[in-house]
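A short reminder: the numbers here are calculations on the coordinates, not readings from a lab. Predicted, not measured: the structure shown is a model, and the values here were computed from it. Counting neighbours? That spans all protein chains shown, and the Cβs are built from the backbone with ideal geometry, glycine included.
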């Protein structure tokens, strides 16, 4: 019975989504035919998958234990020709198992990380872009004429004529009965003015204002000259290129394939006659659409130097890529270039992974410093994603009900309300108990067992983000087992369930013991080799502090998970340090009188984000407050110092620049404070007391768990101080306390008179 309860509890704790997708997959899997499995096997073998890999893939897409067993039976058998056509079979297997043409072995166990591309590189890899400019458009006003350009001079009005001409090597054009006219280096506008001046000697109407005699001149570029340029440095295809005189720097770079992996996008030099005449920043175009309209001339040189600073945007940005940064640019510039942060990120701080000589460190930069913080080559920048899938004002239900999913809290205030909204209990109900999981930090009971036949339990009030799981017989595979042993609190065999992970098994077995080595967890699995031989495969997994494995491994039936012992001997005493410290982990207790002060002094390296005032000790699930600053200043003789015992946990929380005000105040809420203030002042920030408040019983709960109450003397109240991270609580009066009694008034008056008489006697 205990085994079943623990199993049901785990089912709920691992329950993240209450949609009907799983049921749909399960339905499809159960209806698969042998024919479909045969196609599945053929596809798997074509892709080079082993039997183990094929089993994993089948389980991942919803296959049941009986289908896995059938897969094993068919794997080494000679596969007969199928009656259905290959196309028909492919369609069936596609609809059931997805696209099996692209099985990837590695993707079954580890997440595939896509290599980051350089920002802007897609432009030069786009085959749909035409590198040559449009020739049949208006001549740009800044285009300079040169040898080889073909022009058309049109005269119209009182006299009409056309002169197709080409600028010679000397930069001249030659018209009948006229001396050569030099046009090289002029814009179309300037060339028109010069031609009009020279031709006016023949066509006097060019200078006439008389409409009858007036002649107009129009100059147009018929065909741009070809020019030869040299592209050198860090480009994909350095060399000499013959291009149109209309070509810009962007056209020329595209023809050369663009900068290579180390070429700069931000400081491209245009060299003419041995001098740098322009510096081109392609990010102006990629980010802002500002086209680098710099027209090239014959024998110009484009030099692409290596970049100086390149950074990588890892998570939280709208564009995850490698971004080149100029020396004078800062974090805010990079954020702007990337398009900003995603909506689901914490935008008040960026995290930078930076190499420092032979080591790597993490730098945290607050939003106020974004405009002042420079970057260095190799920096990896991240916005942290907010890991919160909860929906505001909602509750969830799943399992043996007709409607699984998320419901509105306002209309589902009790467990009974929620079950009714889910259209009641279904026929696959397993037992009479359910599990209510609570994520609200203010609630002490994080998981609650619910008796579905008890009206008192059914009337329990729900809170935001509560999840109710009602066990279903569909979720359990009683005929398959999986085992966990070693350094867990309850080593055992467990009924197998699809989708089990190592983290799930550890939770189900009561968690790790203090002696567990998170870096040495092994999975032993029987694997069938070709020829029918069975061998044991060993998979080593490491866990982080949150029990998240370093590789994604889906457990299979008959797997054995072993949690090995930490290198320390079991007879050694030890304690752990957690939270905002440089080196969290396990530490040994050196002697019989080893104290909290010794441990913090020797092994705790505080970070800028550490809250020294908030230090606390957890012992046997009981939290013991430690006033950190007083302890460190007073030393081993401090009243906050005491001897450590094996299993103690020293927790150092992060700094908190807010305080929570709750209870009988005008407006409960959170206030910002960066220094200690009185509780009365803090209450004043939220509008003050209500008429139901008990002012003399106001108390402050500090970050370390220590609680201080208001001291009262006659009419005087001495409110406790409020530090950042504290919680101020104002209790509510009972109805009998709403008004001050006559006896209290008489008592206060008598005391005051006595004091005055005493003062007078002196």
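I'm a student and want to see the number: the projected area of the Cα convex hull of the range 150-223, averaged over all directions, in nm². Before the final figure, lay out each step's value.
Details: hull surface 18.6 nm².
Mean projected area of the Cα convex hull: 4.6 nm².
Measuring from the lowest to the highest alpha carbon on each principal axis, how far does the range 394-475 reach, largest first, in angstroms?
The Cα atoms of the range 394-475 stretch 35, 24, 22 Å along their principal axes.
On full extension of the chain, what length is gained from residue 232 through residue 711, given 0.36 nm per residue of separation minus the C-alpha to C-alpha distance?
Numbers: separation 479, 0.36 × 479 = 172.44 nm, distance 8.04 nm.
Here the answer is 164.4 nm.
Starting from a Cα-only point model with no solvent, please compute log10 I(q)/I(0) by Debye for the range 197-314 at q = 0.12, 0.16, 0.22 1/Å.
One equal scatterer on each Cα of the range 197-314 leads to -0.56, -0.76, -1.22.
Using a Förster distance of 35 Å, how high is the FRET efficiency between residue 359 and residue 658, based on the Cβ-Cβ distance and rounded to 0.05?
That pair, residue 359 with residue 658, gives E of 0.55.
Quote the FRET efficiency, to the nearest 0.05, computed for residue 681 versus residue 718 with a Förster distance R0 of 22 Å and r equal to the Cβ-Cβ distance. Please report the intermediate quantities before stating the final value.
Working: r = 13 Å, r/R0 = 0.60.
E(calc), rounded to 0.05, equals 0.95.
Would you list 453, 42 from fewest to most Cβ contacts within 10 Å?
Least to most surrounded, the residues fall as 453, 42.
What do you get when you divide the Cα radius of gyration of the range 310-382 by 2.2 N^0.38 Å, with N the number of residues?
Numbers: Rg = 11.3 Å, N = 73, 2.2 N^0.38 = 11.2 Å.
This ratio for the range 310-382 stands at 1.01.
Test of understanding: what is the full-extension gain from residue 633 to residue 117, defined as 0.36 nm times their sequence separation minus their Cα-Cα distance?
Working: separation 516, 0.36 × 516 = 185.76 nm, distance 5.23 nm.
Here the segment from residue 633 to residue 117 would lengthen by 180.5 nm.
Under a point spin-label approximation (7 Å from Cα along Cα-to-Cβ), what is the residue 481-residue 278 distance to one decimal in nm?
7.7 nm
Give me the one-decimal nm value for the distance between modelled label points at residue 216 and residue 318, 7 Å along each residue's Cα-to-Cβ direction.
If labels sit at residue 216 and residue 318, their model points lie 4.6 nm apart.
So if we plug the beta-carbon distance of residue 168 and residue 519 into 1/(1 + (r/R0)^6) with R0 = 56 Å, what FRET efficiency do we get, rounded to 0.05?
On the way: r = 80 Å, r/R0 = 1.42.
E between residue 168 and residue 519, to the nearest 0.05, is 0.10.
What ranking do 490, 606 get, fewest neighbouring Cβ atoms within 10 angstrom at the top?
Working: 490 12, 606 16.
Lowest to highest Cβ neighbour count: 490, 606.
Points 7 angstrom from Cα along the Cβ direction at residue 347 and residue 161: gap in nanometres?
6.8 nm
For the range 603-657, what percent of Cα pairs sit more than 13 Å apart? Provide the component values of the computation, followed by the final result.
On the way: 909 of 1485 pairs.
Here the tail beyond 13 Å accounts for 61 percent of pairs.
Rank these for me by crowding, 710, 593, going from fewest to most other beta carbons within 10 Å. Intermediate results must be reported in sequence, preceding the final value.
On the way: 710 18, 593 10.
Sorted ascending by nearby Cβ count, the order is 593, 710.
When ranked by the protection proxy of mean other Cβ atoms within 10 Å per residue, highest first, what sequence do the peptides 154-162, 360-368 form? Please report the intermediate quantities before stating the final value.
Numbers: 154-162: 14.6, 360-368: 11.6.
Ranking the peptides 154-162, 360-368 by packing returns 154-162, 360-368.
Quick check: Cα centre of the range 539-566 to Cα centre of the range 237-264, how many Å?
52 Å
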